[in-house]
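The values are calculated or read from the model by the stated rules, or taken from the named source; none is laboratory data. Everything numeric here is computed off the predicted structure, so don't read it as measured data. Every residue, glycine among them, receives a Cβ derived from its backbone with ideal geometry; neighbour counts consider all protein chains shown.
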Amino acid sequence: MNHQHKNQPHVRKPEWLRIKWQAGVKYGATGQVISSHCLHTICQSGLCPNRAECWRNGTATFMIGGDVCSRNCKFCNTRSGCPLPLDGQEPQRVAESVKQLQLRYAVITSVDRDDLPDMGAAHWAETIRCIQAENPHTAIEVLIPDFQGREDLIDVVLAAQPTIVGHNMETVSRLTPVVRSVARYDQSLRVLKHIATRGFTCKTGFMVGLGETTDEVHELMHDILRSGCTVLTIGQYLQPTTHHYPVKEYVTPEQFRQYKEEALSMGFQHVESGPLVRSSYHAEQVLNHQ
């Protein structure tokens, strides 16, 4: 493994990335519901900078399949290793949490489960069905893994009829093999195309500040749009620990605004672009653009 990046100079975090942490009553109540149902959230494992804002508003992104990922991407703070067996009661507990939180819009993601024969697809589908049974008026956004490109497994999830289906590109083509451990750029594009071809509103997200050029970002956006994906999030990469891939640049709010304008002019229907934007940030707003 190449450890050269550890010797590179640290890039100082700019003022626009300083987060004013305000918890509030709803924040504590959201956290209590999640912990009482023994659930995991990407808000916590991903060290999301918007956790306080979202939890204050009574929203959270549930992470299913456990909290140990079978992959080891250099940008992600989720624990990696040998995952535990799936918890068969987890789908129902997620559904009950969504009901208790009175969510109008629920977002579900997962760790990668390459250790399982179906990579967790049936568990995904069961979670969606349980949420629908307990919360018939709640929209469900899913952020799925690539299932190693297996369309039959993606279709297991799609058959449960989620509202919005996302799969993240994460970064530009050149940097994909550097920061993602298993996923491949072209394969992720094929996943997006498959989702869109099946008639679902398709969503993806990527990070900037990893050393990409603006030309590479434009190429990525064009590739995404050609796949049929029409909803996009763009956010700043933040290095979780010193063991992770280093931040190469803190992209300015002005550049984020420019990326958004360019993406919308290219034909994307909805774009969230900003330093603190993450995949599920203001996710429910996509319904206003359908």
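Is it true that Gly235 is on the phi > 0 side of the Ramachandran plot and crowded, with 19+ Cβ neighbours inside 10 Å?
On the way: on the phi > 0 side of the Ramachandran plot: no; crowded, with 19+ Cβ neighbours inside 10 Å: yes.
The answer is no for Gly235.
Inside segment 69-86, can you point out the residues that are surrounded by fewer than 18 Cβ atoms within 10 Å (Cβ to Cβ) and out of contact with any helix residue (DSSP H, G or I) (no Cβ under 8 Å at 6 or more places or on another chain)?
Hits for segment 69-86 are Arg71, Asn72, Ser80, Gly81, Cys82, Leu84, Pro85.
Please state which one of Pro162, Pro117, Pro145, Pro136 is modelled with pLDDT of 95 or more and either touching a Lys or Arg at 6+ places or on another chain (Cβ under 8 Å) or of a type in the set (Val, Ile, Thr) (or both).
On the way: Pro162 fails: either touching a Lys or Arg at 6+ places or on another chain (Cβ under 8 Å) or of a type in the set (Val, Ile, Thr) (or both); Pro117 fails: either touching a Lys or Arg at 6+ places or on another chain (Cβ under 8 Å) or of a type in the set (Val, Ile, Thr) (or both); Pro136 fails: either touching a Lys or Arg at 6+ places or on another chain (Cβ under 8 Å) or of a type in the set (Val, Ile, Thr) (or both).
Result of the check over Pro162, Pro117, Pro145, Pro136: Pro145.
So which residues in segment 162-182 are of a type in the set (Ser, Thr, Tyr) and free of Cβ contacts under 8 Å to residues at least 24 places away in the same chain? Talk me through it step by step, then tell me what you get.
If we filter segment 162-182 for residues that are of a type in the set (Ser, Thr, Tyr), which is where we start, we get 163, 171, 173, 176, 181.
Residue satisfying the conditions is Thr176 alone.
So which pairs qualify, if the first residue must be in segment 149-161 and touching a residue at least 40 places away in the same chain (Cβ under 8 Å) and among the charged types (D, E, K, R), the second must be buried (at least 20 other Cβ atoms within 10 Å of the Cβ) and in a helix (DSSP H, G or I), the Cβ gap must be under 8 Å, and the two must be at least 6 apart or on different chains?
As it stands, the answer is Glu151/His194, since those pairs meet every condition given.
I'd like to know if segment 117-125 contains one or more residues that are in a loop (DSSP other than H, G, I, E, B) and at positive phi. Even if it seems obvious, please write down each step before you answer.
Taking segment 117-125 first, the residues in a loop (DSSP other than H, G, I, E, B) are 117-120.
Next, only the ones that are at positive phi stay: 119-120.
Checking segment 117-125: at least one residue is in a loop (DSSP other than H, G, I, E, B) and at positive phi.
So, in segment 218-229, of the ones that are out of contact with any Lys or Arg (no Cβ under 8 Å at 6 or more places or on another chain) and surrounded by 21 or more Cβ atoms within 10 Å (Cβ to Cβ), which residue ends up nearest to Leu175 (Cα to Cα)?
Residues of segment 218-229 that are out of contact with any Lys or Arg (no Cβ under 8 Å at 6 or more places or on another chain), as a first pass: 218-226.
Among the residues that remain, those that are also surrounded by 21 or more Cβ atoms within 10 Å (Cβ to Cβ) are: 220-221, 224.
Numbers: Leu220: 11, Met221: 15, Ile224: 16 Å.
Among those residues, the one meeting the criterion is Leu220.
List the pairs whose first member sits in segment 218-232 and is in a strand (DSSP E or B), whose second member is of a type in the set (Lys, Arg), and whose Cβ atoms are under 8 Å apart, counting only residues at least 6 apart or on separate chains?
Val231/Lys203; Leu232/Lys203
For segment 195-216, enumerate the residues that are within 13 Å of Gly228 (Cβ to Cβ) and either buried (at least 21 other Cβ atoms within 10 Å of the Cβ) or in contact with a strand residue (DSSP E or B) (Cβ under 8 Å, 6 or more places away or on another chain) (or both).
The first filter runs over segment 195-216 and keeps only residues within 13 Å of Gly228 (Cβ to Cβ), leaving 195-204.
Those that are within 13 Å of Gly228 (Cβ to Cβ) and either buried (at least 21 other Cβ atoms within 10 Å of the Cβ) or in contact with a strand residue (DSSP E or B) (Cβ under 8 Å, 6 or more places away or on another chain) (or both): Ile195, Ala196, Phe200, Thr201, Cys202, Lys203, Thr204.
Mind checking which residues of segment 92-108 are outside any loop (DSSP other than H, G, I, E, B) and either within 12 Å of Ile140 (Cβ to Cβ) or among the aliphatic types (A, V, I, L, M) (or both)? It would help to see each step written out before you state the result.
Of the residues in segment 92-108, the ones outside any loop (DSSP other than H, G, I, E, B) are 92-100, 105-108.
Val94, Ala95, Val98, Tyr105, Ala106, Val107, Ile108, listed by residue number.
For segment 251-267, enumerate the residues that are in a loop (DSSP other than H, G, I, E, B) and either surrounded by fewer than 20 Cβ atoms within 10 Å (Cβ to Cβ) or within 18 Å of the chain's Cα centre (by Cα) (or both). Outline the logic, then answer.
Let us first name the residues in segment 251-267 that are in a loop (DSSP other than H, G, I, E, B), namely 251-252, 267.
Passing the criteria: Thr252, Gly267.
Among the residues of segment 103-138 satisfying the criterion of being of a type in the set (Val, Ile, Thr), in contact (Cβ under 8 Å) with a residue 40 or more places away in the chain and touching a Pro at 6+ places or on another chain (Cβ under 7 Å), which is surrounded by the fewest Cβ atoms within 10 Å (Cβ to Cβ)?
Val111
Check segment 239-247 and report whether any residue there is under 17 Å from the mean Cα position of the chain (by Cα) and under 22 Å from Leu276 (Cβ atoms). Please lay out each step first, then the result.
Just the residues of segment 239-247 that are under 17 Å from the mean Cα position of the chain (by Cα), to begin with: 239-240.
Cutting the leftovers down to under 22 Å from Leu276 (Cβ atoms) gives us 239-240.
Yes, the conditions are met somewhere in segment 239-247.
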